[in-house]
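Step one of this worksheet: look at the structure below.
The values are calculated or read from the model by the stated rules, or taken from the named source; none is laboratory data. Since the model is a prediction, treat every value here as computed from it, not as a measurement. With ideal geometry, Cβ positions are generated from the backbone for all residues, glycine too; neighbour counts draw on all protein chains shown.
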Amino acid sequence: MKMKAILKLNLILITSILFLSCEGNFISSKLEIAKEGTEISEKPSVNKTKLQLKAKEALDFCKKKGYNSNFCFLIDMSLHSGVNRFFIWNFLEAKIEDSLLVAHGTGNYPWNNDFTKENPSFSNKDGSHCTSLGKYKIGIRGYSDWGIHVKYLMHGLEESNSNALARQVVFHSWERVSDTEVYPDGTPEGWGCPAISNAKMLLIDKKLKASKSPVLMWIYN
């Protein structure tokens, strides 16, 4: 009788272990499925055909207006802010010379976050804290409280960005902007200035100081 009780107890223990094992595998499988369901989507990249068309139009504009025809800055705001979307375009070699992160305006959201990393708003209105789309002439160099303490005035050339100077939208660097891509996070957002990293600004500052003609910056979506 005692032997039967021991055998019965062992059977219960074995059954319990098997159940827990199966339950563990089931939970593990559910976690794996949940994990797969939250996988990061594929990192977006620039539409090269679109970029080349913009570059061709930019070159025509620069030649017509007497701007620098060696390079320009093209910023594609349709891209996620955590990937490189500021392009230094080399007109002479018809290719991207460098690409980098750039901040956009936060709009109605809190400053220094990335709430609109995928869908920024654009406005030319003072106090909107939004980036303005359109072509800009890079203006004079001056002192900035931000980044490497260098800024360039931005002259809006279109109806969509005509208030850039009045809004104090300038080209400067910001220590919060990374030197490398941060996707799926976004670049911290400011109040409308196309801010870049300190390291990248050091390189671009040299190019701008050496330019004998105005340089075009084109922000588009």
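Would you mention how many residues in segment 197-221 are in contact (Cβ under 8 Å) with a residue 24 or more places away in the chain and among the small types (Gly, Ala, Ser)?
3
A quick yes/no check of all residues on (1) out of contact with any Lys or Arg (no Cβ under 8 Å at 6 or more places or on another chain); (2) surrounded by fewer than 17 Cβ atoms within 10 Å (Cβ to Cβ):
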site	(1), (2)
42	yes, yes
65	yes, yes
93	yes, yes
102	no, no
106	yes, no
118	yes, yes
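Do the conditions hold for residue 173, that is, is it in the same structural domain as residue 137 (by TED's automatic domain parsing) and either in contact (Cβ under 8 Å) with a residue 60 or more places away in the chain or over 15 Å from residue 100 (Cα atoms) (or both)?
Criteria not met by residue 173.
Out of (1) touching a Ser or Thr at 6+ places or on another chain (Cβ under 9 Å); (2) of a type in the set (D, E, K, R); (3) modelled with pLDDT under 50, what's the single condition that is false for residue 63?
(3)
Does residue 194 satisfy the condition of being over 25 Å from residue 68 (Cβ atoms), in contact (Cβ under 8 Å) with a residue 60 or more places away in the chain, out of contact with any Gly (no Cβ under 7 Å at 6 or more places or on another chain) and surrounded by 21 or more Cβ atoms within 10 Å (Cβ to Cβ)?
Answer is no for this residue.
Tell me which residues, restricted to segment 129-180, are among the charged types (D, E, K, R) and either buried (at least 17 other Cβ atoms within 10 Å of the Cβ) or closer than 17 Å to residue 218 by Cα (or both).
135, 137, 151, 158, 159, 167
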